[in-house]
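Beneath this line is the structure, given in structure tokens, with notes to follow.
The values are calculated or read from the model by the stated rules, or taken from the named source; none is laboratory data. Keep in mind that this is a model prediction, so the values were computed, not measured. No Cβ is skipped: glycine too gets one built from the backbone with ideal geometry, and neighbour counts run over all protein chains shown.
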Amino acid sequence: MSNIFIKYILLNKKISGVLIILLILIGNSYSQQAHIHGIISDSITNESLPGVNVLLGNSGGVSSNSNGYYYLELESGEHDITFSFLGYKTKTISLNLNNNDSIDLNVSLANTSFLLDMAVVSAGKYEQKISDVTVSIEVMKPSFIQNINTTNMEDALQYVPGLDILDGQASIRGGGGYSYGAGSRVMVLIDDIPILAEGTEDINWNFLPVENIDQVEILKGASSALYGSSALNGVINIRTGYPDIEPSTSVSLYAGIYDKPQRKELSWWWDTNPLFSGVNFTHSRKIKEFDFVVGANALSNAGYRTKNYDKQIRANVKFRHRPSKLKGLSYGINANLQWQQTSDFFIWMNADSGAFIQNPLTVTPTTGHRFNINPWLSYYDKYNNKHLLLIRYYDLSNGFDNNPDKNNASKSYYGEYQFQKQFNNGLNWIVGFVGKYGTTVANLYGDHHGSNIAAFTQLDYKFFDRLSVSLGIRWEHHSLDDTEKESGTVFRAGANYQVAENTFIRASFGQGYRFPSIAEKYTATNIGSINIFPNPDLKSEKGWSSEIGLKQGFTINNWSGFIDFAAFLSEYDNMIEFMFGVYSSDSLSLPTLDDIGFKSQNIGSARITGIELGISGAGLIGELPVSIFAGYTYMNPIDLSSDTLSNNILKYRYRHSFKSDIEIQVHKLSFGISTIYRSFMERIDSAFEETILGTQIFPGLKEYREKHDSGYVVFDFRVSYNFTPSAKLSFIAKNMFNKEYMGRPGDIQPPRNFTLQFLLDL
């Protein structure tokens, strides 16, 4: 027994010795690898570049993370390392590496022609360079959204040239006015899936996941050929992001305060100023074949009006799986959940001391939730054809705390299949089929159900590497309550020609349409003394838009960017506007206040002409990195059905607008200033300025508009300090000069307010 035990010990000593030697050899083999790491940045601005491809010949590579950092482990010997990023000149560096080398290799990439090579998707539902697009398109990056400390997309989109948001309703180049919260002529999407609410067809900007935005694309002009109803005026496509190679966590904490207004008598909060605060959180990571992103936002805003508060909690998740055993296949789920408690504002008490005090009859505190889940699947077959399936379920509920009769809820189901083929000759062909079904339950406008089916196709072809041509067509059938049915076909065409290396001219024509929302057709309610009447006979509005444009890229010394000019013309038939009038069922009786109010009406035809000029670029002034964008828009929006030439401008439009932002970096400090100018809103609903049967809907509004008839300019200022590449403290002053200005009638915008924001990237 003892001999066996001794032999066992000796045997195990031998095995252990072998194992130790093997471990030493394995350790030495790993330790003998070379390590390359560093930061990849823009050669002019010195800003880090996330998502840069770091390639090793044909043996794969990595991508830089959100801070521009990359890391490589290589065998000893000679290596060619290529750094490639869209919009930048590719750089290849040759290295002769020895065992155990650890090299800190920072790389700067030169911008080819600032933004001209940026990839966009919305124009053709496939990735293409912005310089090849045949229509006007604006792109907003998440860095700007972060810089201005906004918790919802509405605040950020206000800086886009040619885009205005009036009381939550988006309008591109004057295509929309004030629609009382019902209907939208701009289609809003998240990752190519529509997100307009069933029933009202409006958008809740707070619902959109600002904390996880990769890029926002704003397509200007009629786009129904690709995106259907509600894209009559344009498209806003919000694209969310996926993880980088390295896990990333971002936390943003902010708190702020409203200052006293310019006219002290408007302040109702006396010695204590209203506060607001919030937190944004995002975490993303890759786990083998899986991508995960989770985000959350919490907001509490006391508001600058009486009883005008906003509290919300929002959470989102994004998941993707790309199985290695099934090449070309990827699938995932995106989901977003929001709980919100808010109080809305409509009519002030008066224009003097009561402009920030709500008429108690119009106070509408609400509690509601919104939830959407979007499964999707993408597959590239053996012929490299792309098959894409998009699905969305959207559920919302709004409860009115002081008036349960106005409670409403809706559910909608959306599905889309796309087939896309890219031919070797440069031809891209896409065909798609869409189905949608929705239900609404509401005392305001009744219980309804509706459906849409559509088919579309588009061809994009590039001739001689210079001329890009696009042709598209769509057929759509709309049904409401199985009794109202309507079908239609729309067409679009566009061309873009590269005249010189960085000179592009374009022309486009597109048709659009919009089915009236359920709320526009059937809403019967009142807001204080304002009655809203139903109009079940409301017809669909149709239209078209055209433009010619020039995009000129430039590189001057240490500056690169582009100038974009566009002249546009749009026409609309059966345009839907809320019209004030007497809507009495008894024509023989004298009207009372119960017979007077607003109703959605088809006003006839309208025409909008205009021009738009924009510049965007980045470079060095002296040794200081500077980035800038600016845009001016002129519009002439004419109601062709108006009886008088002197008062035929469409309601709630601005003829002139100018928007800009400039950012200057001084070592670890950065300074920014944003500007918004809008001319005077020449025409509104006359009922808001008149006395009707002894009642003023908006007391003092006419006198207020006569005093403030020159438009307005608002400046926002910000300064940031970067403690480290991952930690930044910002101070933001919005409405820096405390300008008093108004959006829609009676809606005076926030006075000067200050925000302190701390951002940490882990």
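The figures follow:
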read-out	value
Top-ranked residue of the stretch 698-713 - restricted to ones that are of a type in the set (Phe, Trp, Tyr) and out of contact with any helix residue (DSSP H, G or I) (no Cβ under 6 Å at 6 or more places or on another chain), ranked as nearest to Lys739 (Cα to Cα)	Tyr712
Some residue of the stretch 376-384 being acidic (Asp, Glu) and not in a strand (DSSP E or B)	yes
Subset of the stretch 596-615 that is within 18 Å of Ser660 (Cα to Cα) and surrounded by 20 or more Cβ atoms within 10 Å (Cβ to Cβ) - its residue that is modelled with the lowest pLDDT	Gly614
Filter result (among the hydroxyl-bearing types (Ser, Thr, Tyr) and loosely packed, with under 15 Cβ neighbours inside 10 Å) within the stretch 68-105	Tyr71, Ser76, Thr82, Thr90, Thr92, Ser94, Ser102
Lone unmet requirement of (1) closer than 24 Å to His449 by Cα; (2) surrounded by 23 or more Cβ atoms within 10 Å (Cβ to Cβ) for Ile193	(2)
Filter pass, Ala519 being over 30 Å from Pro699 (Cα atoms), aliphatic (A, V, I, L, M) and surrounded by 16 or more Cβ atoms within 10 Å (Cβ to Cβ)	no
Answer from Lys436, Lys411 - the residue that is closer than 22 Å to Gly124 by Cβ and among the basic types (Lys, Arg)	Lys436
Residue in the stretch 456-470 that is farthest from Ala500 (Cα to Cα), counting only those that are surrounded by fewer than 21 Cβ atoms within 10 Å (Cβ to Cβ) and touching an Asp or Glu at 6+ places or on another chain (Cβ under 8 Å)	Val469
Within the stretch 290-338, considering residues that are surrounded by fewer than 16 Cβ atoms within 10 Å (Cβ to Cβ) and among the β-branched types (Val, Ile, Thr), the one nearest to Pro750 (Cα to Cα)	Ile313
Criterion violated by Glu689 - all others in (1) under 28 Å from Lys734 (Cα atoms); (2) surrounded by 15 or more Cβ atoms within 10 Å (Cβ to Cβ); (3) acidic (Asp, Glu) satisfied	(1)
Members of the stretch 376-392 that are surrounded by fewer than 16 Cβ atoms within 10 Å (Cβ to Cβ) and of a type outside the set (Asp, Glu)	Leu377, Tyr379, Tyr380, Lys382, Tyr383, Asn384, Asn385, His387, Leu389
Residues of the stretch 497-525 classified as touching a residue at least 60 places away in the same chain (Cβ under 8 Å) and either in contact with a helix residue (DSSP H, G or I) (Cβ under 7 Å, 6 or more places away or on another chain) or under 30 Å from Glu486 (Cα atoms) (or both), total	18
In the stretch 554-589, the residues that are assigned to a loop (DSSP other than H, G, I, E, B) and modelled with pLDDT of 85 or more	Asn574, Met575
Lone qualifier among Gly561, Gly549 - being in contact (Cβ under 8 Å) with a residue 40 or more places away in the chain, in the same structural domain as Val499 (by TED's automatic domain parsing) and closer than 25 Å to Val490 by Cβ	Gly549
Residue in the stretch 524-544 that is more than 27 Å from Tyr414 (Cα to Cα) and of a type in the set (Phe, Trp, Tyr) present	yes
Hits in the stretch 629-656 (condition: in contact (Cβ under 8 Å) with a residue 60 or more places away in the chain and β-branched (Val, Ile, Thr))	Thr633
Phe723 vs. criteria surrounded by fewer than 16 Cβ atoms within 10 Å (Cβ to Cβ), at pLDDT 95 or above, out of contact with any Gly (no Cβ under 7 Å at 6 or more places or on another chain) and of a type in the set (A, V, I, L, M, F, W, C)	no
Residues located in the stretch 410-431, provided they are of a type in the set (A, V, I, L, M) and either touching a helix residue (DSSP H, G or I) at 6+ places or on another chain (Cβ under 8 Å) or buried (at least 18 other Cβ atoms within 10 Å of the Cβ) (or both)	Ile430
